[in-house]
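The values are calculated or read from the model by the stated rules, or taken from the named source; none is laboratory data. This structure is a prediction, so every number in the text was calculated from the model and none was measured. Every residue, glycine among them, receives a Cβ derived from its backbone with ideal geometry; neighbour counts consider all protein chains shown.
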Amino acid sequence: MRLSNLADYAVVLMSAAARQCGSVPLHAGMLAEQTGIPGPTAQKLVSQLARAGLLVASRGSGGGVRLARPAAAISVADIIEAVEGPIALTSCVVEGRHDCTLEGSCKVQPHWGVVNGAVRGALAEISLASLSVAPAKAGAAGSSAPTTTAPAFAGATR
């Protein structure tokens with residue numbers, strides 16, 4: 001399983017927004033510059049994330065976007081689903097989908113819901129706040145970076 005570039009970029013963009021923490025008004029161009037995400041892609045993502053209720057936009061001279069809620073209350077699952085829709089590892093876990101040629105004889109199908117729930121649950125446990133701090137260097141004595149039990153996420157390094 002691999003995230004689409006758009007979902008990966010959305011996590012990177014939201015992490016950059018969380019690091020700003022309201023210090024300056026943000027806009028898609030600024031986020032694009034900070035992250036290296038192409039400007040048109042950043043604009044598209046800002047719009048999608050705002051429609052999903054993860055960013056709030058304000059107009060005017062001091063306008064821009066900000067997180068709709070604290071970074072600790074936004075999960076990686078929330079961000080991925082804002083861009084990709086519901087997390088579904090196989091089509092048989094999507095409600096109403098019946099396009100699998102093995103449907104009816106598949107012995108694994110009844111278990112995919114549990115697998116899908118475990119993956120989604122793991123992503124839901126990783127907060128945007130945890131992706132917005134620098135990870136501690138392995139073996140660094142006296143590091144003041146917070147530690148976390150959440151699994152590492154590749155998009156957090158951008």
Hey, ALA73 hits all of (1) surrounded by 14 or more Cβ atoms within 10 Å (Cβ to Cβ); (2) within 23 Å of VAL11 (Cβ to Cβ) but one; which does it fall short on?
(1)
Flag if ALA71 is among the hydrophobic types (A, V, I, L, M, F, W, C) and either free of Cβ contacts under 8 Å to residues at least 60 places away in the same chain or in contact with a Phe, Trp or Tyr (Cβ under 8 Å, 6 or more places away or on another chain) (or both)
no
So for region 32-40 (the condition being closer than 18 Å to SER130 by Cα and under 15 Å from the mean Cα position of the chain (by Cα)), does at least one residue qualify?
yes
Quick check, is GLN20 of a type outside the set (Phe, Trp, Tyr) and farther than 29 Å from GLY117 by Cα?
yes
Check on ALA118, aliphatic (A, V, I, L, M) and over 22 Å from ASN5 (Cβ atoms):
yes
Could you run through region 55-70 and say how many residues are of a type outside the set (Gly, Ala, Ser) and in contact with a strand residue (DSSP E or B) (Cβ under 6 Å, 6 or more places away or on another chain)?
4
Determine whether region 77-86 contains at least one residue that is touching a Ser or Thr at 6+ places or on another chain (Cβ under 7 Å), among the charged types (D, E, K, R) and modelled with pLDDT under 75.
no
Scan region 78-112 for residues that are part of a helix (DSSP H, G or I) and under 30 Å from ALA68 (Cα atoms) and report the count.
8
Within region 90-98, is even one residue acidic (Asp, Glu), modelled with pLDDT of 95 or more and out of contact with any strand residue (DSSP E or B) (no Cβ under 9 Å at 6 or more places or on another chain)?
no
Given the condition modelled with pLDDT of 75 or more, assigned to a loop (DSSP other than H, G, I, E, B), closer than 27 Å to PRO25 by Cα and not charged (D, E, K, R), answer yes or no: does some residue in region 131-152 qualify?
yes
State all residues of region 85-118 that are under 20 Å from TYR9 (Cα atoms), of a type outside the set (Gly, Ala, Ser) and loosely packed, with under 15 Cβ neighbours inside 10 Å; if no residue qualifies, say none.
PRO86
